Amino acid sequence: MTTDPNAPNDVPDPSDVKEEEEFEERHLLGQLFAALTARYRNEEGQLNIGVKRQDLQEALHINKTGLTRLLDLLRQEIAPLGLELVEYRLGRDTLYCIRTLYGVPGELSDPEYAVLGVIIATIERASKTKRPRRIATKDIETVLVARGRLSRYQLDRILRRLGELGYITRTARRITYGPRLELEFDAERREAIANASTIYLAGATATQEGDKL
């Protein structure tokens, strides 16, 4: 059997295949980077950070193994830029986002930081009893409003601000950690904040009781 030298060659050039695969990979990495650096607000106006694993797989049309490989490649690409890929859980979902390795200016005022500290202390204390990581809004009102630290209006305004910035997720009766709190405050830092807030609240309570004597 002879081969016609003029017949078209249907066998793809390996170098062309490799180049096409690399191009597709770079395209997916670009899409992934754009998705993981985006911030958006939901219908309630709360800031959302990161993308769910399932949503990434569906958007990029890849399976879990393919997504893991792509995330590893992205992690290597962004490290020299002072960025890191973060995986965290929110409820039952696993989310990914990109954050800077360097400090950024804080957006919270001192009263907002104080309220956030009380929330962290209360939730961390509750989580040690193996309850869900959430607290009743009335518990925060008891600590801050009933003791005369803030008016109900001031507390409501601060809680709304913390929700808008993604530090907490708030309903009429419950407060839970928001995505931004999970990203910016690791377990060690949350414990330190909880301890400091507990000491502060105990000291302030003692002072108030002393004033009544």
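The values are calculated or read from the model by the stated rules, or taken from the named source; none is laboratory data. Every value quoted in this text rests on a predicted model; they were computed, and no experiment measured them. A quick note on method: Cβ atoms are made from the backbone with ideal geometry, for glycine too, and the neighbour counts reach across all protein chains shown. Ligands, DNA and RNA are stripped out before the accessible areas are found, and what is left, the full protein with its side chains, is counted by its heavy atoms. Shrake-Rupley method; radii C 1.70, N 1.55, O 1.52, S 1.80 Å.
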_What's the ranking of 87-95, 171-179 by average number of surrounding C-beta atoms within 10 Å, highest first?_
171-179, 87-95
*Packing-wise, with mean Cβ within 10 Å as the measure, how do 68-79, 114-125 rank, highest first?*
114-125, 68-79
*Short version: ³J(HN,Hα) in whole Hz for each residue of region 184-192, in order, from phi by Karplus 6.51 cos²θ - 1.76 cosθ + 1.60 (θ = phi - 60°), x for Gly and Pro, what are they?*
8, 10, 6, 4, 5, 5, 5, 5, 5
*Which ³J(HN,Hα) values in Hz, rounded to whole numbers, follow from the phi angles of region 53-68 under the Karplus curve 6.51 cos²θ - 1.76 cosθ + 1.60, where θ = phi - 60° and Gly and Pro get x?*
4, 4, 5, 5, 4, 5, 5, 8, 6, 9, 8, 4, 5, x, 5, 4
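Can you pull the percent of region 20-100's accessible area that's carbon plus sulfur, 1.4 Å probe, other chains left in place?
48
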*Answer rounded, prolate or oblate for region 20-100, using the Cα gyration tensor with square roots of eigenvalues a ≥ b ≥ c: rounded when a/c is under 1.5, else prolate when a/b is larger than b/c, else oblate.*
prolate
